[in-house]
1. Where in region 299-368 are there helices (runs of 4 or more DSSP H), lying fully within it, with 2 or more residues that are in contact with a strand residue (DSSP E or B) (Cβ under 9 Å, 6 or more places away or on another chain)?
2. For region 256-268, give me each residue that is within 10 Å of ligand 2 (Cβ to nearest atom) and either in a strand (DSSP E or B) or not hydrophobic (A, V, I, L, M, F, W, C) (or both).
3. Scan region 151-184 residue by residue and report those that are over 22 Å from the mean Cα position of the chain (by Cα) and either among the aliphatic types (A, V, I, L, M) or under 18 Å from Leu137 (Cβ atoms) (or both).
4. Output the residues belonging to region 84-99 that are surrounded by fewer than 22 Cβ atoms within 10 Å (Cβ to Cβ) and among the hydrophobic types (A, V, I, L, M, F, W, C).
5. Considering only residues of region 19-46 that are acidic (Asp, Glu) and under 15 Å from Thr60 (Cβ atoms), which is surrounded by the most Cβ atoms within 10 Å (Cβ to Cβ)?
6. Looking for whichever is of a type in the set (S, T, N, Q), buried (at least 18 other Cβ atoms within 10 Å of the Cβ) and under 27 Å from Leu342 (Cβ atoms) here; the options are Ser119, Ser139. Which one fits?
7. Take Ser139 and decide whether it is touching a residue at least 60 places away in the same chain (Cβ under 8 Å) and polar (S, T, N, Q).
8. So, Leu201, is that one within 16 Å of ligand 2 (Cβ to nearest atom), surrounded by fewer than 19 Cβ atoms within 10 Å (Cβ to Cβ) and either closer than 29 Å to Ala309 by Cβ or free of Cβ contacts under 8 Å to residues at least 40 places away in the same chain (or both) or not?
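All of the numbers you see were taken from the coordinates with simple rules; none came from a lab. Source: prediction; values computed, not measured. Here Cβ is always computed from backbone atoms with ideal geometry, including for glycine, and neighbour counts include all displayed protein chains.
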Amino acid sequence: MANPSLLILAGDGIGPEVMAEVKKIIGWFGARRGVTFDVSEDLVGGCAYDKHGTPLHDDTMAKAQAVDAVLLGAVGGPKYDTLDFSVKPERGLLRLRKEMDLFSNLRPAQCFDALADFSSLKKEVVAGLDIVIVRELTSGVYFGEPRGIFTEGNERVGINTQRYTESEIARVARSAFELARKRSNKVCSMEKANVMESGILWREVVQEIHDKEYPDVALSHMYADAGAMQLCRWPKQFDVIVTDNLFGDLLSDMAAMLTGSLGMLPSASLGLPMANGRPKALYEPVHGSAPDIAGTGKANPIACILSFAMALRYSFDLGDEATRVEKAVEKVLADGVRTADLMGPEDGKAVSTSQMGDAVIAALQASV
Ligand code: IPM
Ligand code: MG
């Protein structure tokens, strides 16, 4: 059988640096575990704009549609801030999400024991935290029409539209319930049904899908602002949170900080099954391109490495190998290996991006 195919889109800023560590790990899996991928690489974001005048070339889009999974680094940077909105680096990422129809974005926030002291919250609040935010990723205010900056009378007006169809809500709700069944069987749905009609529909549809198809799962609803407060106050009350595109964007950054650093958080964006049964899928760290540290060797590759672990689990049915990667990361952190984002100013010496990657490989090697 042909090897499964992976398209690497390392992108901008620290993207290529953290992806270089993932490539080492892919190499390790090929050499030591007989898990081999056909890897191709291409451009997305600012680097694609520099070469082609567009943040995502049509050929790259076609490749992404054809492979078993896409691994993405990060896009964007100050150099591109003044570009027209339509060709900004982020548009490349949003086009991938939309055209691959990656409606279910899983963003786990897990606090590794070794980092519990490092969170800005009290240790007892975050120690042992293990939650997943399921963010709707292809609709809502990110994509709703009408949108734009228009002129009304003698002033400009900026418009975006929050729009959700029943089927869009239903499918992301199902993916959250399915995930919950593999975890603690508990889902909290977040919207603002107190002020938004789309929120009222969201709540109704999530409840209907629950009652008809997943009555065994414990379902609760929360307004998203209260949810943000509860995430800070006592995050361990949650297991799976399902929410819309914009609230999911905000809540997942917040959840990330519970774990100590945005440099730790992976994500999987999943769509419908392809002909081979695998879901359309893109894996990427939650962090951005961090232009302030790009090229300095300070970036933490763990989020990108854990995103590859999610690919092993969700695209390739290699859950045990995914766990192997996660355990290797846990071991490295327990041994006190830290990139700069995981240290206070007086905490001793940080390792570089590639030293962190090497440490993870050494731990993988010790695991076999
Ligand atoms: C994210 C990012 C993106 C988003 C940007 C880069 C378009 O913040 O993946 O969370 O807003 O979805
Ligand atoms: Mg975000």
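1. Working: elements: 302-314, 319-334, 353-366.
Counting at least 2 such residues, we get 302-314.
2. Here is the first cut: in region 256-268, the ones within 10 Å of ligand 2 (Cβ to nearest atom) are 256, 262, 267.
Hit for region 256-268 is Ser267, nothing else.
3. Within region 151-184, the subset over 22 Å from the mean Cα position of the chain (by Cα) is 151-161, 163, 165-167.
Selection gives Val157, Ile159, Asn160, Thr161, Arg163, Thr165, Glu166, Ser167.
4. Phe85, Val87, Leu94
5. Pass one, region 19-46, residues acidic (Asp, Glu): 21, 38, 41-42.
Adding the requirement that they be under 15 Å from Thr60 (Cβ atoms) leaves 41-42.
Values: Glu41: 14, Asp42: 18.
Result: Asp42.
6. When all the criteria are applied, what remains is Ser119.
7. Yes.
8. No: the conditions fail for Leu201.
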